[in-house]
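The values are calculated or read from the model by the stated rules, or taken from the named source; none is laboratory data. As the structure is a computational prediction, the values presented were derived from the model and not from experiment. Quick reminder, even Gly has a Cβ in these numbers, built from the backbone with ideal geometry, and neighbours come from all protein chains shown. The area values use the complete protein model at the heavy-atom level, side chains included, leaving out ligands, DNA and RNA. Shrake-Rupley method; radii C 1.70, N 1.55, O 1.52, S 1.80 Å.
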Amino acid sequence: MDTIPILRDTKSSLVNSGGDPIVTDVVVVGLGPAGIIAAAVLADGGLSVTAIQADARDHLRAPLVSPPPTLRSTAVEEAIAQATAQAGLDGVGGSKRLAAPQAYRLDAWSLRTRSATLSRYGALPSDADLTDWPIELEELARWYDVVEHATAVGPRPATVWTERMNRAAATLGWSPFPAPAAAQTDASFLLDGRGVHIVRASVTEILRGSTGEVTGVVLVDADGSQRSLNCGVVVVAASVIPTVRLLLLSGITGADVVGRWFMSHNAFVVHGDFDGQDLGRRHAGPATAVAVDAFEGDRFDHTGVGFLGGSILQAAMTGTWPPERLADAAVGLGVEATRGADALDWVRAHQASIGTVWAQPDQLPRRQNAIDLDPTHRDVTGRPVARVTFSLAPDDVRRWEFLAARMTEWLDAAGARCTWMPPLAPQPLGTHLYGGVRMGIDPRTSAVDSYGRFHDVPGLVVVGSSTFPTTGGRGPLETIEALTWRNADHLAAELR
Ligand SMILES: Cc1cc2nc3c(=O)[nH]c(=O)nc-3n(C[C@H](O)[C@H](O)[C@H](O)COP(=O)(O)OP(=O)(O)OC[C@H]3O[C@@H](n4cnc5c(N)ncnc54)[C@H](O)[C@@H]3O)c2cc1C
């Protein structure tokens with residue numbers, strides 16, 4: 001990997017250790033999977049690329065780019081400061097380094113939720129702002145192929161648990177299949193030999209010229225020194241909350257759409273106890289799973305159920321729970337199931353025979369679920385932190401109830417002695433976040449076009465799930481990677 005030690009320059013450019021200014025065509029902000037692919041593809045296309053990645057040092061999160069946001073349920077409440085930031089990791093490789101990583105393609109319905117719903121049911125939910133993606137699945141498919149080849153996507157070997165759940169799902173007529181996972185959990189190998197200049201710093205502002213075009217970025221080094229770097233194109237790949245915050249701190253709002261339609265997978269689980277049978281949990285992690293898509297998208301008739309979409313259901317290996325996670329598994333466990341024992345003690349003693357099924361349900365876009373800048377809370381440098389306004393809607397609860405019943409059915413069919421589950425919890429800082437920089441055709445209702453190019457800021461491109469108009473009912477990673485690859489390829493051709 002090509003890195004250049006950077007020295008302080010008194011003017012508005014960066015110099016490398018040899019004293020020469022770094023001349024760069026493109027700045028990429030963030031080197032998670034999206035930024036890595038953008039930087040690699042642009043450099044491959046003959047452009048000079050400088051990628052700027054915040055350094056988290058000994059922590060998961062870097063203080064300038066991921067200060068904990070404040071949270072509130074509705075716009076009339078005062079937001080409360082949080083102890084932690086959005087789940088994830090600041091550093092080269094980004095949050096994918098924490099991921100399984102399961103590697104799913106989205107289905108056609110997820111990209112066409114609005115038109116498919118109108119066509120099948122003749123009406124749309126009145127309290128959601130559904131819009132179709134401005135790209136066809138057929139076009140994305142080509143880039144999914146590229147990503148799957150590059151990151152070696154395929155199923156992991158079956159285990160005692162996944163085989164058991166495979167048989168149970170087949171008995172129910174649900175056509176189970178092994179979950180796809182990427183062998184590569186860190187995409188940074190894609191940068192090897194491509195000459196991308198990597199700067200360990202935090203971008204704090206995107207600079208613009210008199211006609212609104214991008215002219216560069218301001219960045220803060222680990223020692224606190226601030227400098228600027230001139231360039232004509234900035235690709236922001238900072239993940240959802242940091243991306244929205246950076247745009248807003250730079251005065252970039254689109255038509256008051258930046259930060260709107262924020263969404264999350266409010267993931268949930270149902271546990272089952274298999275009465276002393278060893279399910280082999282310690283032999284694999286969450287990338288090893290058997291999946292069912294019968295209750296996802298529009299694969300079943302939604303007439304009268306009170307929600308759209310659903311989720312892929314997965315019986316995943318979870319590895320052995322670390323001590324601090326045991327309490328989570330005990331939530332919802334009744335005294336009958338533990339035969340009178342203390343719930344935590346019982347889980348500790350029986351975890352080898354506990355099997356878990358989990359869901360990542362769709363959440364529909366709502367304008368009021370949003371990210372903006374907090375008017376009072378500041379980060380260590382005095383800049384506003386993000387404020388997240390987020391609540392579950394009645395359809396989120398109905399979708400959860402419906403899916404949890406199917407998950408319980410699945411565990412029962414597999415021979416569970418008893419099942420239990422924690423209540424549904426809103427997860428605005430969870431592992432799968434979406435929206436805030438919605439892509440679309442209309443600049444009045446979207447921030448970027450299908451290539452991630454800002455409608456009203458020449459030279460500004462955003463990649464990542466902040467641009468997704470809908471969530472889909474499965475993980476975002478492979479779609480982030482495929483869309484970024486496509487967009488960077490297009491951008492490289494444009495800039496050459
Ligand atoms: C525990 C966990 C498990 C997951 N498992 C899965 C899974 O199995 N399957 C799946 O599909 N998805 C999974 N995800 C989600 C997936 O990892 C993320 O969607 C994906 O990593 C997002 O990629 P990204 O590049 O957009 O953002 P990130 O991976 O978050 O990377 C963004 C990078 O930008 C940097 N950055 C941000 N702001 C700045 C700034 N101003 N200046 C400089 N640098 C900046 C950050 O430090 C970070 O390194 C998981 C996530 C977590 C947290």
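Is there a residue in the range 306-317 that is of a type in the set (S, T, N, Q), surrounded by 15 or more Cβ atoms within 10 Å (Cβ to Cβ) and under 14 Å from Met407 (Cβ atoms)? For the range 306-317, residues of a type in the set (S, T, N, Q), surrounded by 15 or more Cβ atoms within 10 Å (Cβ to Cβ) and under 14 Å from Met407 (Cβ atoms): present.
Taking the range 161-193 as the range and being over 18 Å from Ala103 (Cβ atoms), charged (D, E, K, R) and surrounded by 16 or more Cβ atoms within 10 Å (Cβ to Cβ) as the test, only Arg164 passes. Within the range 123-160, the residues that satisfy the criterion of being assigned to a helix (DSSP H, G or I), at pLDDT 95 or above and either of a type outside the set (Asp, Glu) or buried (at least 20 other Cβ atoms within 10 Å of the Cβ) (or both) are Leu137, Leu140, Ala141, Arg142, Trp143, Tyr144, Val146, Val147, His149, Ala150. Residues in the range 471-485 that are more than 13 Å from Gln360 (Cβ to Cβ) and either open to solvent by 10 Å² or more (accessible area, probe 1.4 Å) or aromatic (Phe, Trp, Tyr) (or both): 2 in all.
For first residues located in the range 431-446 and outside any loop (DSSP other than H, G, I, E, B), partners that are within 16 Å of the ligand (Cβ to nearest atom) and modelled with pLDDT under 95 and lie 6+ apart or on another chain with Cβ distances below 7 Å form the pairs Leu433/Gln86. Looking across the range 383-407, just one residue is surrounded by fewer than 19 Cβ atoms within 10 Å (Cβ to Cβ) and hydroxyl-bearing (Ser, Thr, Tyr), and that is Ser391. In the set (1) modelled with pLDDT of 95 or more; (2) closer than 20 Å to Val49 by Cα; (3) not aliphatic (A, V, I, L, M), Arg496 fails one condition alone, (1). Within the range 428-439, being open to solvent by 10 Å² or more (accessible area, probe 1.4 Å) and more than 11 Å from the ligand (Cβ to nearest atom) holds for Pro428, Arg438. Taking each residue of the range 464-485 that is modelled with pLDDT under 95 and looking for partners that are more than 8 Å from the ligand (Cβ to nearest atom) with beta-carbon atoms closer than 9 Å, six or more apart or interchain, yields nothing. Note on the range 29-87: residues that are open to solvent by less than 10 Å² (accessible area, probe 1.4 Å) and in contact with a His (Cβ under 6 Å, 6 or more places away or on another chain) total 2. Could you grab me the full set of residues in the range 235-260 that are open to solvent by less than 10 Å² (accessible area, probe 1.4 Å) and away from the ligand (no atom under 16 Å from the Cβ)? Once the filter is applied, which keeps residues that are open to solvent by less than 10 Å² (accessible area, probe 1.4 Å) and away from the ligand (no atom under 16 Å from the Cβ), the range 235-260 yields only Val257.
Figure legend. Inter-residue proximity from the range 39-67: first residues within 12 Å of the ligand (Cβ to nearest atom), second residues open to solvent by 60 Å² or more (accessible area, probe 1.4 Å) and polar (S, T, N, Q), beta-carbon distance below 7 Å, spacing 6+ or different chains. Indicated pairs: Leu64/Thr381.
For the range 209-287, the strands (runs of 3 or more DSSP E) that sit wholly inside it and include 1 or more residues that are within 26 Å of the chain's Cα centre (by Cα) are 214-221, 233-236, 268-273.
Would you mind stating whether Ala108 is more than 8 Å from the ligand (Cβ to nearest atom), open to solvent by 50 Å² or more (accessible area, probe 1.4 Å) and more than 23 Å from Arg383 (Cα to Cα)? Yes: the conditions hold for Ala108. Restricted to the range 80-92, and to residues there that are in contact (Cβ under 8 Å) with a residue 40 or more places away in the chain and touching a Pro at 6+ places or on another chain (Cβ under 8 Å), the residue that is nearest to the ligand (Cβ to nearest atom) is Gln86.
Taking residues in the range 405-423 that are under 13 Å from Arg167 (Cα atoms), and partners anywhere that are charged (D, E, K, R), the pairs with Cβ atoms closer than 6 Å and at least 6 places apart or on different chains are Ala414/Arg164.
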